[in-house]
1. Looking for whichever is surrounded by fewer than 16 Cβ atoms within 10 Å (Cβ to Cβ), at pLDDT below 90 and out of contact with any Phe, Trp or Tyr (no Cβ under 6 Å at 6 or more places or on another chain) here; the options are A75, A44. Which one fits?
2. Is it the case that S39 is not assigned by the TED database to the domain that holds S150 and not in a strand (DSSP E or B)?
3. Looking at (1) at pLDDT 95 or above; (2) in a helix (DSSP H, G or I); (3) open to solvent by 60 Å² or more (accessible area, probe 1.4 Å), which one does P98 not meet, given that it meets all the others?
4. Can V50 be described as outside the structural domain of K232 (by the TED database) and either surrounded by 14 or more Cβ atoms within 10 Å (Cβ to Cβ) or assigned to a strand (DSSP E or B) (or both)?
5. From (1) outside the structural domain of V126 (by the TED database); (2) touching a strand residue (DSSP E or B) at 6+ places or on another chain (Cβ under 8 Å); (3) surrounded by fewer than 19 Cβ atoms within 10 Å (Cβ to Cβ); (4) closer than 25 Å to A154 by Cβ, pick out the condition that doesn't hold for D14.
6. If you scan segment 91-117, which residues turn out to be of a type in the set (D, E) and over 13 Å from the mean Cα position of the chain (by Cα)?
7. Looking at segment 186-206 only, could you name the residues that are under 16 Å from V129 (Cβ atoms) and either part of a helix (DSSP H, G or I) or modelled with pLDDT of 65 or more (or both)?
8. Do you know which of the residues in segment 101-125 that are open to solvent by less than 30 Å² (accessible area, probe 1.4 Å) and assigned to a strand (DSSP E or B) is farthest from G142 (Cα to Cα)?
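The values are calculated or read from the model by the stated rules, or taken from the named source; none is laboratory data. Every value quoted in this text rests on a predicted model; they were computed, and no experiment measured them. Reconstructed Cβ throughout: ideal geometry from the backbone, glycine too, with neighbour counts over all protein chains shown. The accessibility values were calculated without ligands, DNA or RNA, using every heavy atom of the protein model including side chains. Shrake-Rupley method; radii C 1.70, N 1.55, O 1.52, S 1.80 Å.
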Amino acid sequence: MELVVTTSYQPTPDQEEKARDWARWLGVEYVPRRRESLSKIAAACGARGVLVVRQEGPVLVGEGGEELFFHPGTALLRLRNLWQGKGDPLIEAMALAPGESVLDCTLGLGTEALVVSFFLGPSGRVVGVEKVPVIALLVREGLKVLASSSSPLAEAASRIEVVVADHLDYLRTLPEESFDVVYFDPFFQQPVKAAVNLAPLRRFGSREALRPEAVREALRVARRRVVLKERKGSAEFARLGFREIIAGRRARVAYGVIVKR
C-alpha cells in the first residue's frame with residue numbers, strides 16, 4: 001500500500017470527517033489516530049506515506065519523517081519583484097498579458113501557477129494539471145486556505161483550477177488553440193543541488209521525463225507559445241525541440257520557448 005490517511009492526536013469531528021472523505025477520494029485506507037506514531041501506522045499498514053489531517057491543513061509524511069504540504073514558496077518574493085517593476089523570468093518567457101490563459105501541465109505545489117494567476121488578474125485563467133492525486137489534494141486544499149486568508153495571493157489562489165490527470169491525456173481532450181500558453185516544469189533529470197526543499201516532492205511526485213508527444217499536443221493546444229523550464233544547459237531542450245532558450249547569466253534554470261508563427 002502506498003498511502004494511508006489519519007489525523008493528528010485528539011482530532012475534531014470535522015477533521016475525522018475530512019480524513020474519511022479524503023481517504024475515499026484517494027481510494028486508500030483511513031486509520032483512526034490513537035496513540036501510535038505515524039511511523040508505526042505506516043509500518044502496520046505497509047504504507048510508504050501517511051496523509052495527516054491537521055488543523056492547518058493536510059500534510060503528507062514520508063517513511064523518513066519528511067513532510068510535504070502546500071505553501072506559497074517563493075511566490076510572495078516574486079510578487080514583490082513584480083510590484084517593484086523588476087519583472088519575473090517565467091512571466092517574461094511566457095510573454096504574458098493580463099487576461100490571458102495558461103495551462104500548467106506540471107502543477108506540483110503550485111508556486112508557478114500562483115505567480116501566473118496573480119499577473120493575469122481577475123480576467124485571466126490558470127488551469128493546473130497534477131498526475132499524483134495526493135499532491136493535487138494538498139494543493140487544492142492549500143489553495144482554499146490561502147484564498148480565504150488576507151494574503152496578497154488570496155485572489156490569485158481562488159482562480160486556479162486543479163485537474164487530476166496525466167497531462168498528455170488531458171491535452172488530448174482539449175480543442176486546438178484553447179490556451180494562450182502551455183507550460184511544462186517537470187522534475188529536472190539532473191536536480192539542482194541547491195533545491196533541497198524539493199526533495200519531499202521528488203519522493204512523492206511523478207519523475208518521468210517529459211514526452212515528445214506531450215510537446216506536440218501542447219503546440220496544438222497553445223495559441224501563442226509553449227514554455228519548458230529546465231536546468232540551464234540541459235539536453236532536454238534539444239531532445240524536445242526547444243531551440244530558443246531564455247536564461248540569466250547567473251541563473252541555474254532556463255526556459256525553452258517554442259513560439260507559434
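1. A44
2. Yes, satisfied.
3. It fails just one condition, (2).
4. Judged against the criteria, V50 is a match.
5. If we test D14 against (1) outside the structural domain of V126 (by the TED database); (2) touching a strand residue (DSSP E or B) at 6+ places or on another chain (Cβ under 8 Å); (3) surrounded by fewer than 19 Cβ atoms within 10 Å (Cβ to Cβ); (4) closer than 25 Å to A154 by Cβ, just (2) comes out false.
6. E92, E100
7. Result: P186, F187, L201.
8. Selected residue: S101.
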